[in-house]
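The values are calculated or read from the model by the stated rules, or taken from the named source; none is laboratory data. Small disclaimer: the values here were computed from a predicted structure and weren't measured. Here the Cβ positions follow ideal geometry from the backbone for every residue, glycine too, while neighbour counts run over all protein chains shown. Just the protein is used for accessible areas: all its heavy atoms, side chains included, with ligands, DNA and RNA removed. Shrake-Rupley method; radii C 1.70, N 1.55, O 1.52, S 1.80 Å.
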Amino acid sequence: MPDNKTQSCYGLALDLGTMVVKGCVVDLHTKRIIRVIKKYNQQNALGTNVISRISKALQGNNRLRNLLFATITEIKKEMGIFNPCYTTVVGNSVMESFYLNKSVSGLAKFPFRSAIKCGEKTKNPQGYVFPVIGGFVGGDTIAGILASDIYKKNKNYLYIDLGTNGEVVLIKNRKIYAVSTAAGPAFEGVGISAGTLAIPGAIKRFYFHKKKLTFTTINNKKPIGICASGLLSLLTIMLKQKWLKDNGQLVRPMNLKGFKVTQQDVRKIQLAIAAIHAGVKILLMKANLKPSDIYEVIITGEFGDKLNKSILVRLGLIPQGIKKIRFEDNLPLKGAVAILLNRAQIKQVEAIRKSSTHIELALEKDFPQVFIQAMNLSPWN
């Protein structure tokens with residue numbers, strides 16, 4: 001735990017998620033990560049998505065920024081660091097706007113333009129807020145790309161952030177194309193009857209053997225709920241056992257030692273999967289690429305356990321034909337940490353921004369049909 005007398009040695013990286021805010025304290029002398037903490041964003045009390053929060057902000061509700069900083073203060077207090085030497089901040093366009101006290105009116109209607117463009121250096125606290133790509137695709141995506149190191153290579157990559165404001169990025173010939181998908185909070189265990197964050201005690205994986213359903217939890221603690229990886233593995237088992245139809249209809253009630261999975265829960269997960277599926281498919285179509293043309297898929301998010309490729313393909317989240325998948329926790333936060341450790345990389349952050357093109361899914365003529373087809377929980381090419 002940092003000592004308040006020597007806090008000038010410590011840096012703070014923040015990932016401002018719609019549902020969850022993460023913080024990481026780094027010893028800037030030794031380059032050692034001291035602690036990582038995540039807390040529910042207190043803004044959740046005023047809406048669980050960026051659209052509802054934009055609406056509240058435009059009504060003159062000033063509580064949103066206060067609630068965000070109350071969450072940050074809660075993280076600092078638990079970490080024991082109140083005055084870091086330097087703070088780096090990533091988040092989607094809306095969250096970064098709240099942090100910088102900028103208007104979100106441009107994000108309230110088409111063409112969805114953020115008041116943020118380039119990265120911004122701040123004085124109080126001294127630090128750096130990442131730039132945005134466009135629309136709702138913010139600095140968290142740029143930070144994830146930076147941390148994954150995929151922007152340097154002449155290969156085709158898909159980068160997927162499974163979050164409330166789910167982002168899908170395609171990199172082709174070092175050109176970056178990004179979309180934002182309204183996945184909702186299901187991938188973060190929010191809004192699901194038995195859902196929870198990926199924390200100790202969260203059910204991270206289900207198994208079905210000899211007609212018996214079992215599970216494991218994070219850190220082998222007493223189960224407190226089901227996180228994203230657990231939900232996705234359970235859905236796959238339910239489909240295989242015919243307890244769930246491909247169209248999402250629940251055939252039999254699911255009550256797992258007091259943890260219920262309802263029809264409404266399935267629909268929320270189904271919508272989240274469809275949103276990511278549609279984003280991936282539209283980008284592949286625009287780039288004229290087949291799944292087999294992708295060298296690697298990088299997936300980040302609050303999933304809790306390594307997601308099995310067969311599960312993602314069976315549910316239709318990613319296409320068949322993908323050769324290689326890499327799962328990485330906290331890539332946006334790791335990108336923020338990278339700047340703490342080497343501020344010279346800010347030039348690289350801005351280079352990633354300049355190489356990026358935002359694509360608005362709503363303007364893609366094939367999107368409605370692709371999204372409707374994506375609602376089916378089945379493999380696709």
Members of Lys204/Lys240; Lys56/Lys260; Lys222/Lys309; Lys152/Lys290; Lys38/Lys347; Lys210/Lys240 lying beyond 25 Å, as alpha-carbon distances in this model show: Lys56/Lys260; Lys222/Lys309; Lys38/Lys347
The stretch 28-67 residues near the modelled Ser105 label - backbone nitrogen below 19 Å, point 7 Å along Cα→Cβ: 51-65
Most to least packed among 153-165, 118-130 [average Cβ atoms within 10 Å]: 153-165, 118-130
Value in Å of the Kirkwood radius, where the stretch 1-142 supplies the Cα pairs that are averaged: 15.3 Å
Antiparallel DSSP beta bridges within the stretch 55-214, percent to nearest 5: 85 percent
Separation in nanometres of the label points that stand 7 Å from Cα toward Cβ, at Lys290 and Arg32: 5.1 nm
Fraction of accessible area attributable to carbon and sulfur, the stretch 195-334 (%, probe 1.4 Å): 51 percent
Intensity falloff of the stretch 186-294 expressed as log10 I(q)/I(0), Debye formula with alpha-carbon point scatterers, at q = 0.13, 0.14, 0.20, 0.24 Å⁻¹: -0.53, -0.61, -1.02, -1.29
DSSP beta bridges in the chain [antiparallel fraction, %, rounded to 5]: 60 percent
The stretch 86-227, relative contact order in percent, only Cα pairs under 8 angstrom and at least six apart counted: 14 percent
Length gained when the stretch Leu341-Tyr40 is fully extended (0.36 nm per residue, less Cα-Cα span): 105.7 nm
1.4 Å probe accessible area per residue over the stretch 1-160, in Å²: 43 Å²
Normalised convex hull volume, the stretch 218-280, alpha-carbon set, Å³ per residue: 103 Å³
Per residue accessible area in Å² of the stretch 227-381, where ligands, DNA and RNA are left out and the probe is 1.4 Å: 44 Å²
Measure of compaction for the stretch 78-155 (Cα Rg per 2.2 N^0.38 Å): 1.23
The chain, dipole about Cα centre (Lys/Arg Cβ +1, Asp/Glu Cβ -1), debye to the nearest 20: 660 debye
Options Ala147, Ile160, Ala115, ranked by Cα towards positive dipole end of the stretch 89-164, top entry (Cβ charges): Ala115
DSSP beta bridges in the stretch 193-348 [antiparallel fraction, %, rounded to 5]: 60 percent
The chain: relative contact order in percent, alpha carbon pairs under 8 Å with at least 6 residues between: 18 percent
The stretch 226-381 - percent relative contact order, Cα under 8 Å, separation 6 or more: 33 percent
Listed residue pairs exceeding 30 Å between alpha carbons, taken from Lys31/Lys102; Lys281/Lys306; Lys268/Lys324; Lys212/Lys281; Lys117/Lys323; Lys39/Lys268: Lys31/Lys102; Lys212/Lys281; Lys117/Lys323
